[in-house]
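The values are calculated or read from the model by the stated rules, or taken from the named source; none is laboratory data. No experiment lies behind these values; they were computed from the predicted model shown. When we count neighbours, we look across all protein chains shown, and the Cβ atoms used for this are built from the backbone with ideal geometry, even at glycine. Heavy atoms of the whole protein, side chains included, go into the accessibility calculation; ligands, DNA and RNA do not. Shrake-Rupley method; radii C 1.70, N 1.55, O 1.52, S 1.80 Å.
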Amino acid sequence: MNWRDHLQTRLLEIQPDSVCALDEAAQQLVRDVLHDIPLHTSTTNPPAQPCALALGVDALNGLDAQQARHLISRTRLYVAPRLLLAALPGCALDDAAFRALGFMLSSTGPTEGPRIYYYDLETYKTVPDWLNSRFWAHPERWEP
């Protein structure tokens, strides 16, 4: 399975209610795979309501690391809580940078092909075991 097939499969699995395409290639892919959903294309003016998913195929091409992080942050805050991005081998962000931003590697293709990263606000961080009520302070046990 090549990376475009993987993107198509992921779009069909996710079945978003609406998509914001971050570039022309993403826009065409959404039109080919998901025919009847609202498609937004401008990230300079975010949609009135956040989209369910933002898709970028060529969005990171030619950006340096700071510009790529800015695009990702702006998209997560104002456009969509879920992102599906393709990163070519020459991308300014490496695997560690994507992991630091909360992305999971969705697919690795051939070395010359892009890597597919997925971010979902709902599942990007698992809740640690220590973050539950049995480890919280018990004020009733405190003595003055």
**Asked** Pairing the Cα long axis of helix 3-14 with the longest principal axis of the chain, what angle in degrees results, from 0 to 90 and rounded to the nearest 10?
**Response** 50
**Complete:** Taking a probe of 1.4 Å and leaving out DNA, RNA and ligands, region 2-88 shows per residue an accessible area in Å² of 51
**Request:** Using only alpha carbon pairs under 8 Å that are at least six residues apart, calculate the relative contact order of region 1-123 and give it in whole percent.
**Result:** 24
**Message:** Show me, for region 119-128, the HN-Hα J-couplings you get by feeding each phi into the Karplus relation (A = 6.51, B = -1.76, C = 1.60, θ = phi - 60°), rounded to Hz, glycine and proline as x.
**Reply:** 10, 9, 4, 5, 10, 5, 9, 7, 6, x
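Report the full-extension gain for the segment residue 126 to residue 41: residue separation times 0.36 nm, less the Cα-Cα distance, to one decimal in nm.
On the way: separation 85, 0.36 × 85 = 30.60 nm, distance 3.13 nm.
Taking residue 126 through residue 41 to full extension adds about 27.5 nm, to one decimal.
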**Item:** Cβ-isolated cysteines (cut-off 4.7 Å), the chain
**Value:** 91
**Request:** Give the percent of DSSP beta bridges with both residues in the chain that are antiparallel, rounded to the nearest 5.
**Result:** 55
**Message:** Contact order normalised by length for region 35-104, with contacts defined as Cα pairs under 8 Å and 6 or more residues apart; what percent is it?
**Reply:** 38
